[in-house]
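Data block below; observations after.
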Amino acid sequence: MERNVDLLHGRILPSLTSLAVPIMATAMVQTAYNLTDMAWVGRLGSSAVAAVGAAGMYTWLSSGLVAVARMGGQVKTSHAIGEGKLKEAGLFGAGAIQLTMVLALLFAAAMNIWAQPLIRFFALQDEKTVADAVSYLRIACGLIFFSFLNQTLTGLYTAAGDSRTPFLANCVGMGANMILDPLMIFGLGPVPRMEAAGAAIATVTAQAIVTAVLVFSAGRERVLFPHIKVFRPAPWKFWKTIIRIGVPAGVQSMIYCMISMVLTRFVSAWGDQAVAVQRVGSQIESISWTTADGFGTAINAFVGQNYGGRKFDRVKKGYMTASVIVCIWGCITTAALVFGSVPIFRLFIQEAEVIPLGADYLRILGYGQMFMCVELMTNGALSGLGKTFSCSVISVILTSARIPLALVLGGLMGLNGIWWAFTISSVVKGIVFFFFYLAVLGRLQKENAVPARDSF
């Protein structure tokens, strides 16, 4: 079966959904992956959840670093494919993979050397929680190589129009993780009980399995990977272009994570239980944002190929189609989080005094889901045009506003004020990104020749 979707010709909606549905399904699988971890860790108590949550901030931070290689590689590879320059696309793909490997090794070394002070930043109150967090950090980030490589390979598959292979690989990884989580966390037979460290080992092992599937499948892909020579260093000019395109996206992601770290430090003033609520709540909420981000990855490839092929009418129509789809998804997740907050949160933590705090988190964050989905999808579309710097400026400025907003609202409303700071900023970002992209589209139509006609 042909796995590569033709994004340059034919009706837009079938092409876009053929690419996007497996990506969204992959995002759902990754969310299930994380929720499985959290469900098992949650049975150890809120202290273990807080430990994994604190350490998990640094795995999130790492996604900003790998975004430099992933985004730069995906954007330039899709442009080259759209222009019909497959040899050039292969050089960009090889450069992205090589840069990913270098960044993974550097990040792993840093996390292991400075694990203790990095965890101490969150001012966790229980020493066992701190010890568990350090252990999780050293394992999960020390072996971050597989996660990094998976993200870049997924970006390259998507740039080539193949989103099914990453989906299947992640399904295999999720299956492995579901088996390994209870085994490693609680122990069985000769396998000792390892608690938080066991969750990290299960996650890293599952990620390694995903890497193996992606690498094996690359040998059968026919559009891009035959032109990628990983063990032949890509010329510096390709690395330079990847870094130029990818750095704004990477900086944006890392600053976003750092802001969240500062806010987590604020949250820790209400105790380790509040940190656990934020961790579990954000994992549940990720049902919305990972799916929207996955759709953003699809629109990134669609826009990138059609922009490279100078098909600007398809760029506009593809974006508007994607906007309708993610708005519908955002409304669905809003309804789920607002009206199902208590039973959903109870699935992960059963401590009676923690459940009301978690329900408040889900309800408040639920109101901003549609706007957050639009923001993430638009971010992907703008990056597909190569406008990663514009994305970063808008996102960093508006996300940074969460800190003073949280200080003010936290003083007035307590812990819920911090959650409202998240929601208000998400609403504003979604609106600003949407209208900014419309302005960019208007400029494209004025600056370029009569566009080709394509139907939905």
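Just a few scattered comments:
- Selection count, the stretch 193-242, where residues are closer than 13 Å to Asp37 by Cβ and of a type outside the set (S, T, N, Q): 10
- Looking only at the stretch 278-336, and only at residues there that are under 11 Å from Ala381 (Cα atoms) and of a type in the set (Ser, Thr, Tyr), the one that is most open to solvent (accessible area, probe 1.4 Å): Tyr307
- Filtering the stretch 386-407 to residues that are part of a loop (DSSP other than H, G, I, E, B) and of a type outside the set (Lys, Arg) leaves Gly386, Ala401.
- For the criterion of being of a type in the set (Lys, Arg), in a helix (DSSP H, G or I) and open to solvent by 60 Å² or more (accessible area, probe 1.4 Å), Lys229 fails.
- Residue, surrounded by the fewest Cβ atoms within 10 Å (Cβ to Cβ), within the stretch 89-126, restricted to residues that are free of Cβ contacts under 8 Å to residues at least 40 places away in the same chain and over 22 Å from the mean Cα position of the chain (by Cα): Pro117
- Only a single item in (1) without any contact (Cβ under 8 Å) to a residue 60 or more places away in the chain; (2) under 30 Å from Ala80 (Cβ atoms) is not met by Ile328, and it is number (2).
- Within the option set Ala55, Ala69, being modelled with pLDDT under 90, crowded, with 24+ Cβ neighbours inside 10 Å, hydrophobic (A, V, I, L, M, F, W, C) and under 22 Å from the mean Cα position of the chain (by Cα) holds for one residue only, Ala55.
- Scanning the stretch 155-189 for residues that are over 19 Å from Ala140 (Cβ atoms) and open to solvent by 40 Å² or more (accessible area, probe 1.4 Å) yields Arg164, Phe167, Leu168, Cys171, Val172, Leu188, Gly189.
- The stretch 190-210: number of residues that are within 8 Å of Leu180 (Cα to Cα) and surrounded by fewer than 23 Cβ atoms within 10 Å (Cβ to Cβ): 0
- Each residue in the stretch 232-267 was checked for being assigned to a helix (DSSP H, G or I), more than 25 Å from Ala381 (Cα to Cα) and either in contact with a His (Cβ under 8 Å, 6 or more places away or on another chain) or open to solvent by 10 Å² or more (accessible area, probe 1.4 Å) (or both), and 5 of them qualify.
- Any hit, the stretch 369-390, residues being surrounded by fewer than 16 Cβ atoms within 10 Å (Cβ to Cβ) and modelled with pLDDT of 85 or more: no
- Residue count for the stretch 352-368, restricted to those that are open to solvent by 50 Å² or more (accessible area, probe 1.4 Å), within 20 Å of Gly53 (Cα to Cα) and touching a residue at least 40 places away in the same chain (Cβ under 8 Å): 2
The values are calculated or read from the model by the stated rules, or taken from the named source; none is laboratory data. Because the structure is predicted, anything quoted here is derived from the model rather than measured. No Cβ is skipped: glycine too gets one built from the backbone with ideal geometry, and neighbour counts run over all protein chains shown. Heavy atoms of the whole protein, side chains included, go into the accessibility calculation; ligands, DNA and RNA do not. Shrake-Rupley method; radii C 1.70, N 1.55, O 1.52, S 1.80 Å.
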